[in-house]
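S.K.: Pasting a structure below so you can have a look.
The values are calculated or read from the model by the stated rules, or taken from the named source; none is laboratory data. The structure displayed is predicted, hence computed values, not measured ones. Cβ sites come from the backbone with ideal geometry, for glycine too, and all protein chains shown count toward neighbours.
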Amino acid sequence: MSSGGVARFTPAPDESLPLEVVSPFTSSWRVVIIGTLASVVESTLVQNLNPPTTVASTSWIKPGRAAWSWWSDSQSPKNLQAQKDYVDLAAEMGWEYVLVDEGWSSSWIPELVSYASSKNVKLILWYFYGGNFTGWSDSQGFIPSYQNSLITFQRLKNWGVAGAKIDFFDSDNQMRTQMKEEIYKAAADTQMLANFHGATLPRGEQRRWPQFLTQEGVMGGEHRNNSALHTTTLPFTRNVTGSMDYTPVTFSARGNTTYAHQLAQSIVYESAWQHYADSKETYRSILASELLKIVPTTWDETKLLSGYPADHVVIARRKGNDWFIGAMVNAQRSFNLPLNFLSGTYSATLYLDGAIATTINKSAQTFTQNSALTFSTLAGGGAAIHLELTGTAASPSPSPTPCPSSDVNGDCVTDFLDLKMLLQNWLTGTNCSSLSCDLNQDGKVNILDTAQIIHDINL
């Protein structure tokens, strides 16, 4: 924004100029969210500025958790047995999906689909945006169009695959953005789920295209050993704009963070498709991984309990009657957090920093809305807490009875005091505003308003 108040927009570096559009057209929103840190973190403004969905039925759209082998072994997607092993992990953990990344073969995907189906697990397949989105046999670098995308999604659907991770967009230029629209439409028309990788942050498209469950646009777990300074910044920045495919909970490449910090990412980072990146051996060897069996990926309510970018974050998220609280810090910190948002009695399981970064202490407590959550962390530490409703939730306070519309003096009773005030206003123009005395909203205070009060007094 220039000093004169004129906004200047710069096209993508690889954009072909001039930009061309077909009229009539609608330009995109430019959004600034201003408020407290809590109102920013909890905001859904970016999504709300998008058009409502035109997808007629969304019952087929199933968010969930996925096992992902590529991060811990980049050669594993080439191996059918390795992928079956990750199907087994997903089934053990109760996760809904396995992401089969770069290297899969169409020769054995049907067999893997059948095996996964027997375990109640679905597959997601990786695709390269510019090279093989119309199938692995394409070597000409096809650029996806609606028709090409439709063919690919239908092929996956015929195999029994649930969706695709489409990678390496690497630009926000006009052509790539238009092609995303074609893929959105094709995915909706074939009822296929999808995720964009190698793409920038989302702009709220999930409201219009709810089958797009997440998007990268972040320096996530794939980059390995991210610092606590970085991980405690993201909830206030990137994740505000929409689902963030960070690929969290990498115990085996934790940087300067602790195991509890990593575990908390499953709660703090919102992504409708949550891809857990560490190896099957790691998850099976760490007891606290049990929490990943029950943490959902979509939420009914979110609250920022404490936080500041690059310093610390504590987020509470509710699913049904259960609350999950995730805390992540940069420097060592102690917390004493009121839980006055609870309603009822909750049995809590706490996963807190142990004596060293690679240990987690598990404990149990009972909380109510009068309780405070008290714990301390290590430097780069964290906490993950599950609160399960055990007692009856408190009944909500009854809504107050609205005051009668003919209550002029604000005491919630229509009586002769209101009549007196109205008459004084009518005659002298004092004692009440025209808005409160003009009961019939005809722009005048007169005998008709007086008659309304007399009628209400006599009821």
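S.K.: Which condition from (1) at pLDDT 90 or above; (2) among the small types (G, A, S); (3) under 30 Å from F25 (Cβ atoms) is the one that S106 breaks?
M.R.: All conditions pass for S106, except number (3).
S.K.: What residue, among those in the range 245-254 that are in contact (Cβ under 8 Å) with a residue 40 or more places away in the chain and part of a loop (DSSP other than H, G, I, E, B), is surrounded by the fewest Cβ atoms within 10 Å (Cβ to Cβ)?
M.R.: R254
S.K.: If A187 satisfies every condition in (1) at pLDDT 95 or above; (2) assigned to a loop (DSSP other than H, G, I, E, B); (3) farther than 15 Å from T241 by Cα but one, which is the exception?
M.R.: Just one mismatch for A187, condition (2).
S.K.: Only one of S139, S118, S145, S74 is modelled with pLDDT under 95 and farther than 20 Å from Q211 by Cβ. Can you tell me which?
M.R.: When all the criteria are applied, what remains is S139.
S.K.: Something else now. Those residues that are surrounded by 17 or more Cβ atoms within 10 Å (Cβ to Cβ), among the polar types (S, T, N, Q) and out of contact with any strand residue (DSSP E or B) (no Cβ under 7 Å at 6 or more places or on another chain), I need them from the range 64-94; list them, please.
M.R.: S69, S72, S76
S.K.: Also, I was wondering about something else. Just name the residue that is farthest from H386 (Cα to Cα) out of those in the range 318-351 that are of a type outside the set (G, A, S) and in contact with a helix residue (DSSP H, G or I) (Cβ under 6 Å, 6 or more places away or on another chain).
M.R.: Within the range 318-351, the match that is farthest from H386 (Cα to Cα) is N330.
S.K.: What number goes with the only condition from (1) among the polar types (S, T, N, Q); (2) touching a strand residue (DSSP E or B) at 6+ places or on another chain (Cβ under 7 Å); (3) free of Cβ contacts under 8 Å to residues at least 12 places away in the same chain that N321 does not pass?
M.R.: Among (1) among the polar types (S, T, N, Q); (2) touching a strand residue (DSSP E or B) at 6+ places or on another chain (Cβ under 7 Å); (3) free of Cβ contacts under 8 Å to residues at least 12 places away in the same chain, N321 violates only (3).
S.K.: So, one more: Residues being among the polar types (S, T, N, Q), over 23 Å from N361 (Cα atoms) and outside any loop (DSSP other than H, G, I, E, B): count how many of those fall in the range 284-335.
M.R.: Of the residues in that region, 1 qualify.
S.K.: Have a look at N321, N336 and point out the one that is out of contact with any Leu (no Cβ under 6 Å at 6 or more places or on another chain), over 21 Å from Y259 (Cβ atoms) and at pLDDT 95 or above.
M.R.: On inspection, the qualifying residue turns out to be N336.
S.K.: In the range 72-106, how many are within 26 Å of the chain's Cα centre (by Cα) and closer than 21 Å to L287 by Cα?
M.R.: Qualifying residue count, the range 72-106: 11.
S.K.: Note down all Cβ pairs under 6 Å where the first residue falls in the range 341-361 and is free of Cβ contacts under 8 Å to residues at least 60 places away in the same chain, the second is assigned to a loop (DSSP other than H, G, I, E, B) and among the aliphatic types (A, V, I, L, M), and they're at least six residues apart or on different chains.
M.R.: From the range 341-361, the pairs are S343/A393; S343/A394; G344/A393; G344/A394.
S.K.: How many of the residues in the range 301-313 are in contact (Cβ under 8 Å) with a residue 24 or more places away in the chain and touching a strand residue (DSSP E or B) at 6+ places or on another chain (Cβ under 8 Å)?
M.R.: Qualifying residue count, the range 301-313: 9.
S.K.: In this structure, does S171 turn out to be more than 20 Å from the chain's Cα centre (by Cα), small (G, A, S) and either at pLDDT below 95 or within 19 Å of T54 (Cα to Cα) (or both)?
M.R.: yes
S.K.: In the range 247-283, how many are within 12 Å of the chain's Cα centre (by Cα) and closer than 21 Å to S306 by Cβ? I'd like the intermediate steps shown before the answer.
M.R.: We begin by selecting, within the range 247-283, every residue within 12 Å of the chain's Cα centre (by Cα); these are 266-274.
Imposing the further condition that a residue be closer than 21 Å to S306 by Cβ reduces the set to 266-270.
Counting residues in the range 247-283 that are within 12 Å of the chain's Cα centre (by Cα) and closer than 21 Å to S306 by Cβ gives 5.
S.K.: For the range 14-63, name all the residues that are assigned to a helix (DSSP H, G or I) and either without any contact (Cβ under 8 Å) to a residue 12 or more places away in the chain or in contact with a strand residue (DSSP E or B) (Cβ under 8 Å, 6 or more places away or on another chain) (or both).
M.R.: Hits for the range 14-63 are L37, A38, S39, V41.
S.K.: I would also like to ask the following. Quick check on my filter: what residues within the range 13-29 are exposed (fewer than 10 other Cβ atoms within 10 Å of the Cβ) and aromatic (F, W, Y)?
M.R.: F25
S.K.: Scan S334, S306, S347 and give me the residue that is surrounded by 15 or more Cβ atoms within 10 Å (Cβ to Cβ), out of contact with any Pro (no Cβ under 7 Å at 6 or more places or on another chain) and small (G, A, S).
M.R.: S306
S.K.: Out of T200, T232, T247, T258, which single residue is at pLDDT below 95 and either farther than 30 Å from L378 by Cβ or of a type outside the set (A, V, I, L, M, F, W, C) (or both)?
M.R.: T200
S.K.: Can I ask one more? Taking the stated definitions as given, is T368 touching a Ser or Thr at 6+ places or on another chain (Cβ under 9 Å), surrounded by fewer than 14 Cβ atoms within 10 Å (Cβ to Cβ) and touching a residue at least 24 places away in the same chain (Cβ under 8 Å)? Don't jump to the end; show me each part of the working.
M.R.: Numbers: touching a Ser or Thr at 6+ places or on another chain (Cβ under 9 Å): yes; surrounded by fewer than 14 Cβ atoms within 10 Å (Cβ to Cβ): no; touching a residue at least 24 places away in the same chain (Cβ under 8 Å): yes.
No; evaluated as a whole, the condition is false for this residue.
S.K.: Pairs, please: C-beta under 6 Å, at least 6 apart or cross-chain, first residue more than 13 Å from N446 (Cα to Cα) and surrounded by 19 or more Cβ atoms within 10 Å (Cβ to Cβ) and in the range 410-422, second polar (S, T, N, Q) and modelled with pLDDT under 70?
M.R.: D418/N409
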